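Structure first, commentary second.
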Amino acid sequence: MSLYERIGGEPAVDAAVDIFYRKVLADDRICHFFDTVDMDKQAAKQKAFLTMVFGGPNHYSGKDLREGHKHMALTEIHFDAVIENLAATLQELGVAAEDIQEIAAIANSVKNDVLNR
Amino acid sequence: MVEIRFGEHTVLLNEGESVLDGCLRNGLHIPHGCKSGACQSCMLIADEGNIPVTAQKGLKNTEKDLRYFLSCQCIPQNTLHIRQANQMQDIQHSRVLAHGLINKTVLQLRLEPVFTYKPGQYLNIWQKVDNEKTECVRSYSIASVPEIDDFIELHIKIIDSGKFSQWAKNHLRIGDTLQLQGPLGQCFYAAENPEQPLLLIGVGTGLAPLIGIARDALQKGHSGKIDLIHAAREAHSFYLQNELGNLVRDYPQFNITYVCQADDQTAASASPYRVNGDVYAYVKQHFPSTKGMKVYVCGAASFVRKISKQVFLSGASSRDIHADSFLPCS
């Protein structure tokens, strides 16, 4: 069984979107990146992001991630904040510790692309 | 082979191929992103044909009603006639049936209903002003309900230096013809859950779509609570208070509150429904949890952004927040 299936597939992603997005908006380190854009579009983006880190079907390339984040001047602090909120969301949803680690590892694997390094 | 008609193009889909992949293979340009049904950037509209259920997964009911679908998730069984989701409808000519100020700064226009619409959607008016020199395009939300009203009602905010609003106030007359394009937008009532509490929050002429949505919900038998909050800077900016008072009288599930943002003590006693203060604080205090509610917010973009975020953080699901931002024109 894949990681994506193990944590519950698309319904799990749907359950995680609002919890994760609430945490992000309440986080002073990163909430300003999410303030100026349409809520609907943001929720759709969170879903795409969560599907990717849950090991689900996605078509993000390193180039997409570089392009999408280029203008934001992101640092390690911002990246870590997202990972922390992600882990807290998963804990809240009762995801097993080893699965959370695997998800964090997927997220960390795109770090250089997101930070444009 | 399944045939897809896209404007003058015809695309034949391979076995198991999505509408998006088929169109891209034929050199048609369709914006797209994740190809997984998540980012929704490849959304199109199917005017004819059966849309597979999977192609509408994750869309709002309002979007489903308008026959939006995700082209990357769409593997149809039969012919589909599709178009871009943002493609503009044709211009319609509509006569002005009624024209008058309903307070100092709001012009009420009633127009011949030349298309079907859902209350809360908006339309564009294309109009030449300044002796035919400048063409203006302005978007206005629809306040009327097609099943009840035999006109399309708009509330035009009069702006001191506003090209269109000044023209509409000073030169537009009953019997004149306006060029309309629409309807557009997804901020309307979808009768999916008649018991769900509705929270409608608007500033200024943000009342227009909200009164349309409220009346639409009531005439469709919505039984859950409907709270409408109309905020304005000054007490004299409130309008349609008789109509709203009638709704309160006729429907026990309907409530109205006027939030007057200026500190106007005389105004507080003028209406039993009026309070003074800040609309954000009012919502926070009276609706500490918005969990399970459907929320409609309309008004200036900065207000819409701030209040959407607030009601989301207090519990409303992102899918249950419908927003209509009014953008200024130059």
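The values are calculated or read from the model by the stated rules, or taken from the named source; none is laboratory data. Keep in mind the model is a prediction, meaning the values are calculated, not measured. Here Cβ is always computed from backbone atoms with ideal geometry, including for glycine, and neighbour counts include all displayed protein chains.
Which of the residues belonging to segment A:51-63 are within 14 Å of another protein chain (Cβ to nearest Cβ) and surrounded by fewer than 16 Cβ atoms within 10 Å (Cβ to Cβ)? Residues satisfying the conditions are A:Pro57, A:His59, A:Ser61, A:Lys63.
Can you confirm whether B:Gln121 is under 20 Å from B:Asp90 (Cβ atoms) and touching an Asp or Glu at 6+ places or on another chain (Cβ under 8 Å)? No: the conditions fail for B:Gln121. Just the residues that are part of a loop (DSSP other than H, G, I, E, B) and either surrounded by 20 or more Cβ atoms within 10 Å (Cβ to Cβ) or not assigned by TED's automatic domain parsing to the domain that holds B:Gly7 (or both), please, taken from segment B:65-84. Result: B:Cys74, B:Pro76.
The set of residues in segment B:171-190 that are on the phi > 0 side of the Ramachandran plot and either at pLDDT 90 or above or of a type in the set (Val, Ile, Thr) (or both) contains only B:Gly175. Considering only residues in segment A:1-29 that are at pLDDT 90 or above, under 19 Å from B:Val311 (Cα atoms) and part of a loop (DSSP other than H, G, I, E, B), the one that is farthest from the other protein chains (Cβ to nearest Cβ) turns out to be A:Asp28.
Among the residues of segment B:1-17, those that are touching a residue at least 60 places away in the same chain (Cβ under 8 Å) and aliphatic (A, V, I, L, M) comprise B:Val2, B:Ile4, B:Leu13. When B:Ser302 is tested against (1) assigned to a helix (DSSP H, G or I); (2) touching a residue at least 24 places away in the same chain (Cβ under 8 Å), just one condition goes unmet, and that condition is (2). Pairs meeting the criteria (first residue in segment A:39-50 and within 8 Å of chain B (Cβ to nearest Cβ), second residue among the hydroxyl-bearing types (Ser, Thr, Tyr) and buried (at least 22 other Cβ atoms within 10 Å of the Cβ), beta carbons under 9 Å, at least 6 apart or on different chains) are A:Met39/A:Tyr21; A:Met39/B:Ser308; A:Gln42/A:Tyr21; A:Ala43/A:Tyr21.
Per-residue answers, yes or no, for (1) buried (at least 17 other Cβ atoms within 10 Å of the Cβ); (2) part of a strand (DSSP E or B); (3) out of contact with any strand residue (DSSP E or B) (no Cβ under 7 Å at 6 or more places or on another chain); (4) at pLDDT 95 or above:
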{"residue": "B:Ser223", "(1), (2), (3), (4)": "no, no, yes, yes"}
{"residue": "B:Leu228", "(1), (2), (3), (4)": "yes, yes, no, yes"}
{"residue": "B:Arg249", "(1), (2), (3), (4)": "no, no, yes, yes"}
{"residue": "B:Ala262", "(1), (2), (3), (4)": "no, no, yes, no"}
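The requirement of being modelled with pLDDT of 95 or more and crowded, with 17+ Cβ neighbours inside 10 Å is satisfied by B:Thr205. In the set (1) among the hydrophobic types (A, V, I, L, M, F, W, C); (2) away from chain A (no Cβ under 14 Å); (3) within 28 Å of the chain's Cα centre (by Cα), B:Cys42 fails one condition alone, (2). Answer yes or no: is there a residue in segment A:90-107 that is outside any helix (DSSP H, G or I), within 14 Å of chain B (Cβ to nearest Cβ), crowded, with 17+ Cβ neighbours inside 10 Å and not basic (Lys, Arg). No.
Within segment B:290-330, being within 13 Å of chain A (Cβ to nearest Cβ) and of a type in the set (Ser, Thr, Tyr) holds for B:Thr290, B:Tyr296, B:Ser302, B:Ser308, B:Ser314, B:Ser317, B:Ser318, B:Ser325. Restricting attention to segment B:274-299, which residues are β-branched (Val, Ile, Thr) and not in a loop (DSSP other than H, G, I, E, B)? Matches in segment B:274-299: B:Val275, B:Val279, B:Val283, B:Val295, B:Val297.
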